Amino acid sequence: MTAILILGAAVWRDGPSPTLMRRTLHAATLFHAGRGDVVIPCGGTGQFPPSEAAAMAAILRQAGVPQDAIRLEDTSTNTGENIRNAAAMLGDARDVLIVSDAFHLPRARLIARREGLRVTTSAPPLKGARLWPQIKGWLREVPGVIAVLLRIR
């Protein structure tokens, strides 16, 4: 079994953020292409409800992913928790396809491997994404990757 893990992104006051939408629709495309057996949207409730996972589950259902293929991880508050909590849901299964933005995937891959998962990754196209948030994302991830490598996180 391969699980598609969608790493969390913000839910805004008026609904899912563009990042959350982009990641979730990409995961639905991967599911329909046969790249995974189940989809695990990850993320707890941030500043605005619902949880990131619940918002993604609604988008997945609208995109035709069957309810029985969706397993919510709705308590995490960061990337490490996203992956550790999802890994605990997998039982003996160890194959995961992690979906997030490209800048986020190197750190996510390191964390997942540390959890004993066999990892592939996929990033959604950035069509329509604004440049500055992407630049900030890459800059933010540099210390994050270093922290994971040094086992600080």
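Only the coordinates and a few stated rules stand behind these numbers; no lab work does. The structure displayed is predicted, hence computed values, not measured ones. Every residue, glycine as well, gets a Cβ built from its backbone with ideal geometry; the counts of neighbours run over all protein chains shown.
For the range 2-149, rounded, prolate or oblate, judged on the Cα gyration tensor with a ≥ b ≥ c (square roots of eigenvalues), a/c < 1.5 rounded, else prolate if a/b > b/c?
Details: a/c = 1.37, a/b = 1.04, b/c = 1.32.
Cα axes put the range 2-149 in the rounded bin.
If R0 is taken as 41 Å, the Cβ-Cβ distance between R151 and R13 corresponds to a FRET efficiency of 0.65.
Can you give the FRET efficiency for T29 and T77, using 1/(1 + (r/R0)^6), R0 = 41 Å, r = Cβ-Cβ distance, to the nearest 0.05? Don't jump to the answer; show the numbers that get you there.
Values: r = 27 Å, r/R0 = 0.66.
The calculated FRET efficiency here is 0.90.
In this calculation the C-beta distance from A58 to A102 is compared with R0 = 22 Å, giving a FRET efficiency of 0.30.
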